[in-house]
Structure formats: structure tokens, C-alpha cells
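Single-structure report; data block below.
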Amino acid sequence: MTERQKQLLSAIVEQYAEVASPVGSSLLAKVFGVSSATIRSEMAELERGGYINQPHTSAGRVPTDKGYRYYVNGLAETKQEIAPLDGQAYGRAERALSSRVHGGGMPERTIRNAVDTLVELTHNLGIATIGPQLYMSGLSNLFGQPEFIQAGQVQSVAQLLDNLEPWLREAAPNEPLSVYIGRENPIGRSAGCSLIVSRFRSPFSDRSYIGVLGPTRQNYRDTMALVRYAGEQLEGVLYE
């Protein structure tokens with residue numbers, strides 16, 4: 001993949017997350033300062049590679065699971081703190097998380113506060129393991145997304161949620177931050193969701209988890225950074 005194609009894929013992922021509509025060549029041409037024909041040619045290459053596709057009702061393109069994975073891997077490979085799209089907004093989000101975690105009191109309340117704050121900040125479903133239980137908050141956020149207006153899709157998501165706690169316990173992801181995109185979710189391949197979880201140590205377990213579940217269309221850059229930060233803050237407060 002050429003450098004411009006990488007930048008183009010990133011732009012499609014980020015623009016689609018913001019507007020929830022397929023991204024057209026005319027908008028991208030303005031962003032990159034080239035002709036629409038050039039953009040269409042590059043998009044055709046990305047489509048042939050399986051990174052984007054064209055919904056049959058639109059002239060624009062949307063990322064595929066493969067495209068999202070390439071984008072997310074690119075963020076992870078920087079080996080640095082993930083740079084947010086909006087530095088000021090992200091700074092406020094970090095301060096909100098830190099305040100809620102450090103003022104939480106008992107461990108269970110502290111974890112719940114962190115989850116509730118992630119829900120407010122990411123507009124996804126928030127989850128955390130508290131002992132053998134899975135705490136969830138923000139169901140209305142999840143099912144309010146345009147991806148989940150069909151009954152069959154809602155059922156797939158509900159099945160994923162029913163199996164999430166035992167899967168986390170058995171799979172026990174061991175990375176500080178794990179991202180499962182779309183069909184990568186072993187318990188919800190058809191749900192069209194992405195699961196982003198951070199492992200942290202707590203009084204309940206050395207492998208406690210906090211994270212969010214949302215549509216594959218989302219702001220991965222900021223959400224991944226916030227979930228990682230939440231895990232770090234919880235471990236710092238609960239495992240001192």
C-alpha cells in the first residue's frame with residue numbers, strides 16, 4: 001500500500017466514523033488537494049485490496065473489517081501514546097476519567113465510575129469485570145446507533161452480550177489493550193461490533209477488564225486511548 005493510500009484509508013475511516021455516511025471522492029479530493037479522478041483511482045486500488053467497499057445505494061465508500069484492522073494496527077505500531085484527533089477535547093476527557101476514578105471510594109464503585117465515564121465520553125456501551133460479574137452501562141447508546149436499527153442485528157448484539165463475560169474469563173486477553181473488530185469477535189461475528197478492552201490488576205483479579213463495545217464505525221484513535229488510560233488509572237488507584 002502506498003503512503004497516499006494509507007492516508008486515504010485513514011481519512012475514510014475517520015470521516016465515516018464522524019458522519020455515518022459513505023465517503024465520496026469529491027470530499028477527499030478537497031482534503032488531499034488532488035483531482036476527484038485521482039482519488040477514485042486510489043479508492044479503486046483500496047477496494048481491490050479489500051480495505052473499503054461501496055454500498056450499492058451510494059457512490060461513496062466505507063471501510064471493511066480488513067480496512068479497520070489495518071488502520072488500528074497502524075495506530076498500535078507507532079509504539080507511542082495514541083495521538084487524539086482533538087487534543088483539547090481529549091485532555092478534558094482524560095481529566096474527567098481521572099477525577100471519577102480517584103474520587104470513587106470503594107473498588108467496585110471506582111470501577112463503575114470509570115465505566116460510566118467511558119460511556120459518556122465514547123457514546124458506546126461500557127463494560128468492566130468486577131469479580132465474577134460483568135458490569136455494563138450504556139445499552140441505549142449502543143442500540144441507538146444507526147447500524148442497529150434492524151431486529152436481526154439487535155439479536156446478534158444481544159447474543160454477543162450474553163456470552164461476553166464467560167468469554168472474557170476463558171480467553172483472558174493478556175495485552176494491556178486488545179481490539180476485536182467486527183467478525184474478529186469470536187462470540188459475535190455477525191453483530192457488526194468492535195470490542196476494545198484494557199486489562200488491569202484490581203483487588204478482584206490480576207486480569208480485570210474495562211472497555212467499550214460499539215459499532216465497527218467509531219473513533220478508534222480516541223476510544224483506544226481512553227480505554228487504555230482508564231485501565232492505567234484503575235490499576236494505579238486499586239493496586240497501589
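What follows is calculated from the coordinates using simple rules that are stated; it is not laboratory data. Source: prediction; values computed, not measured. Positions of Cβ are generated from backbone atoms using ideal geometry, with glycine treated the same way; all protein chains shown enter the neighbour counts.
Could you line up LEU9, LEU168 from fewest to most neighbouring Cβ atoms inside 10 Å? List each step's numbers first, then the result.
On the way: LEU9 24, LEU168 21.
Result, fewest neighbours first: LEU168, LEU9.
So, with +1 on the Cβ of K and R and -1 on the Cβ of D and E, and no other charges, what is the size of the charge dipole of the chain about its Cα centre, to the nearest 20 debye?
Working: 23 positive and 25 negative charges, 69 e Å.
For this selection, approximately 320 debye.
At 0.36 nm per residue, and after removing the present C-alpha to C-alpha distance, how many nm does the segment from LEU75 to HIS56 gain when stretched out fully?
Numbers: separation 19, 0.36 × 19 = 6.84 nm, distance 2.99 nm.
Here the segment from LEU75 to HIS56 would lengthen by 3.9 nm.
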Percent relative contact order of the chain, based on C-alpha pairs within less than 8 angstrom and at least six residues apart?
19 percent
Scattering profile of the range 105-240 from the Debye formula, Cα beads only, expressed as log10 I(q)/I(0) at q = 0.11, 0.19 Å⁻¹, is -0.34, -1.04
Please arrange LEU139, LEU28, LEU226 by counting, for each residue, the other beta carbons lying within 10 Å of its beta carbon, fewest first.
LEU139, LEU28, LEU226
Using a basic spin-label model with each label point 7 Å from the Cα along Cα→Cβ, how many nm lie between GLU18 and VAL154?
3.1 nm
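Full-extension gain between ALA96 and GLU232, please, as 0.36 nm times their residue separation minus the C-alpha to C-alpha distance. Could the numbers behind the result be given before it?
On the way: separation 136, 0.36 × 136 = 48.96 nm, distance 1.42 nm.
Fully extending the segment from ALA96 to GLU232 adds 47.5 nm.
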Of ARG48, ARG69, ARG100, the most mobile residue in a GNM of the chain (C-alpha springs, cutoff 10 Å) is ARG48
